[in-house]
1. Could you grab the pairs with beta carbons closer than 9 Å, sequence gap of 6+ or different chains, first residue in the stretch 130-142 and at positive phi and in contact (Cβ under 8 Å) with a residue 40 or more places away in the chain, second one in a loop (DSSP other than H, G, I, E, B) and surrounded by 21 or more Cβ atoms within 10 Å (Cβ to Cβ)?
2. Strands (runs of 3 or more DSSP E) wholly in the stretch 141-241 with at least 3 residues that are touching a strand residue (DSSP E or B) at 6+ places or on another chain (Cβ under 7 Å) and under 25 Å from residue 512 (Cα atoms) - which ones?
3. Would you call residue 116 modelled with pLDDT of 95 or more and surrounded by 20 or more Cβ atoms within 10 Å (Cβ to Cβ)?
4. Could you tell me which residue of the stretch 1-45 is surrounded by the fewest Cβ atoms within 10 Å (Cβ to Cβ), considering only residues that are outside any strand (DSSP E or B), more than 27 Å from the chain's Cα centre (by Cα) and touching a residue at least 40 places away in the same chain (Cβ under 8 Å)?
5. Give the residues of the stretch 48-74 that are surrounded by fewer than 22 Cβ atoms within 10 Å (Cβ to Cβ) and either over 21 Å from residue 264 (Cα atoms) or more than 30 Å from the chain's Cα centre (by Cα) (or both), sorted by residue number.
6. Of everything in the stretch 468-504, what is modelled with pLDDT of 90 or more, over 16 Å from residue 236 (Cβ atoms) and either in contact with a strand residue (DSSP E or B) (Cβ under 7 Å, 6 or more places away or on another chain) or surrounded by fewer than 15 Cβ atoms within 10 Å (Cβ to Cβ) (or both)? Give them in sequence order.
7. Which one of 350, 364, 371 is buried (at least 24 other Cβ atoms within 10 Å of the Cβ) and farther than 29 Å from residue 57 by Cβ?
């Protein structure tokens with residue numbers, strides 16, 4: 001896992017020393033992503049500069065240094081990620097190669113030189129973001145992995161083309177212009193993350209997952225998808241899985257087992273995050289099955305019982321006999337992370353589970369350099385509560401007249417979330433969902449909506465963001481409803497698709513990448529192996545949701561290794577009690593960021609709806625923690641980076 005950065009001077013007017021100095025500064029801004037060593041490669045005649053920071057994982061010697069030229073010298077590669085089938089590709093390239101070492105970087109460079117860029121990428125199983133410069137054609141290509149595990153940003157500003165693993169690398173270029181994209185900010189306020197290809201900056205883009213962007217010597221751009229989820233789904237529908245339940249369970253265990261085993265290969269210590277939920281427990285179970293010694297597992301816990309998953313993780317670890325490390329985090333330690341978030345995430349990001357994700361990464365990094373996670377299981381196997389609960393509620397409510405539904409919604413929202421929480425307190429904890437009052441309020445908002453509206457409402461932190469951002473208008477999602485409905489007639493599968501192409505790379509993977517890279521930890525996600533994604537989409541929905549149980553087929557794999565009693569419980573997520581903290585310990589911090597006069601002077605947000613939501617939250621009338629967290633995280637970032 002590493003950081004890459006660089007630029008093209010399309011006028012070719014920058015001296016070599018200046019090219020090298022700027023590229024080094026850009027790369028060094030990513031030191032946390034690669035603290036082991038850094039490198040720069042420049043070509044003055046082409047105006048090209050590539051920089052790299054290395055976190056040594058495979059082949060710790062100088063033979064793995066980057067930027068790395070191919071053996072022929074034609075291609076120069078700067079790369080972030082891991083190619084898990086590198087040894088198979090090495091064998092396919094043949095014995096005629098004079099290998100300098102055993103890094104996957106070298107295999108990738110030689111594969112590009114031998115087969116061409118797109119053919120080489122098509123053969124790769126892994127996570128990656130890379131820049132490769134063709135010295136013969138003076139052409140630069142950027143590539144991002146299929147599901148967006150690794151980030152890559154780019155921008156053309158005049159005759160300058162810049163790129164980097166994080167926005168900070170672009171900001172390190174002295175010619176970078178940092179202008180706020182107000183339309184993009186509207187989307188951020190709604191969701192709490194930036195959905196690609198947009199970013200916080202006007203004219204700065206995320207390279208979308210599964211895409212190759214090429215810049216010619218003349219400065220002409222071409223961008224094309226070498227893989228899309230829609231195309232993968234079409235292929236899966238053309239050749240669906242038709243076996244028995246038992247055959248599906250066997251096939252999933254084989255496919256996931258192979259993905260896990262490939263991600264355990266490293267020349268440094270490897271461990272795993274363990275929450276005690278289905279996804280991380282399945283990954284750890286198959287790690288332990290493939291290992292001759294106890295796997296190192298890590299979890300954190302909280303004193304607040306409703307947020308503490310440590311006992312569940314501890315029970316699974318004891319059953320699997322892992323080498324388990326648990327750390328109980330105090331509220332003080334958790335809150336100490338908050339002032340660092342603007343630097344850790346380097347862009348506005350408002351999923352509050354960013355805090356425990358950073359803390360468990362920090363814990364794991366004390367013992368290992370690589371950790372496996374369970375990310376991706378909810379999207380592939382229909383695990384989110386909103387899939388089955390939202391669709392069940394929508395179907396049942398559709399049987400009632402609109403007036404009845406509207407009245408029911410008003411009745412639910414008339415009760416404060418805290419009162420609904422107290423009423424739900426009579427339920428046994430094992431079947432009581434977290435934030436029951438907040439969830440009821442959220443579902444009240446979808447009672448009169450169609451399937452598309454239900455999804456939009458359930459994934460909105462601020463349902464009407466246009467009134468919050470001054471001078472901003474929300475962009476329309478490019479995927480038309482008609483095309484998506486034709487591809488996926490089932491509303492639950494449509495939600496899975498939308499989450500996989502939007503929420504997964506924009507929120508989940510961004511959260512884990514920045515949190516882990518802040519402590520120089522590489523996180524690998526076996527459930528996001530693209531071969532596993534292809535298999536999952538070939539399965540009928542009945543193998544994912546059965547009798548109200550989500551992730552049915554994945555559960556059956558897990559039950560072969562862990563008793564159901566240790567893992568069966570309502571889905572809770574990886575969360576912290578931010579709502580209560582905002583009314584107490586964090587109140588002064590939040591009040592400063594939400595100060596009406598300061599908001600008005602900045603001229604970005606309309607203070608009225610924000611102050612109204614803040615008062616409702618403080619008074620307990622409405623739980624505003626999610627909507628407010630978006631504003632707080634943007635304001636903290638804005639003050640840190642000075643954008644206007």
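The values are calculated or read from the model by the stated rules, or taken from the named source; none is laboratory data. Quick caveat, the model's predicted, so the values are computed rather than measured. Cβ placement follows ideal geometry from the backbone for every residue including glycine, while neighbour counts extend to all protein chains displayed.
1. 138/47
2. Working: elements: 153-157, 160-164, 204-206, 211-215, 221-225.
Once the strands (runs of 3 or more DSSP E) in the stretch 141-241 are filtered for at least 3 residues that are touching a strand residue (DSSP E or B) at 6+ places or on another chain (Cβ under 7 Å) and under 25 Å from residue 512 (Cα atoms), what remains is 153-157, 160-164, 204-206, 211-215.
3. Criteria not met by residue 116.
4. Among residues in the stretch 1-45 that are outside any strand (DSSP E or B), more than 27 Å from the chain's Cα centre (by Cα) and touching a residue at least 40 places away in the same chain (Cβ under 8 Å), the one surrounded by the fewest Cβ atoms within 10 Å (Cβ to Cβ) is 11.
5. 61, 62, 63, 65, 69, 70, 71, 72, 73, 74
6. If the condition is that a residue be modelled with pLDDT of 90 or more, over 16 Å from residue 236 (Cβ atoms) and either in contact with a strand residue (DSSP E or B) (Cβ under 7 Å, 6 or more places away or on another chain) or surrounded by fewer than 15 Cβ atoms within 10 Å (Cβ to Cβ) (or both), then 468, 469, 470, 471, 473 are the ones that fit.
7. Exactly one of 350, 364, 371 is buried (at least 24 other Cβ atoms within 10 Å of the Cβ) and farther than 29 Å from residue 57 by Cβ, namely 350.
Matching residues to (1) more than 21 Å from residue 254 (Cα to Cα); (2) in contact with a strand residue (DSSP E or B) (Cβ under 8 Å, 6 or more places away or on another chain):
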{"site": "272", "(1), (2)": "no, yes"}
{"site": "278", "(1), (2)": "no, no"}
{"site": "296", "(1), (2)": "yes, yes"}
{"site": "307", "(1), (2)": "yes, no"}
{"site": "310", "(1), (2)": "yes, yes"}
{"site": "326", "(1), (2)": "yes, yes"}
{"site": "349", "(1), (2)": "yes, no"}
{"site": "360", "(1), (2)": "yes, yes"}
{"site": "370", "(1), (2)": "yes, yes"}
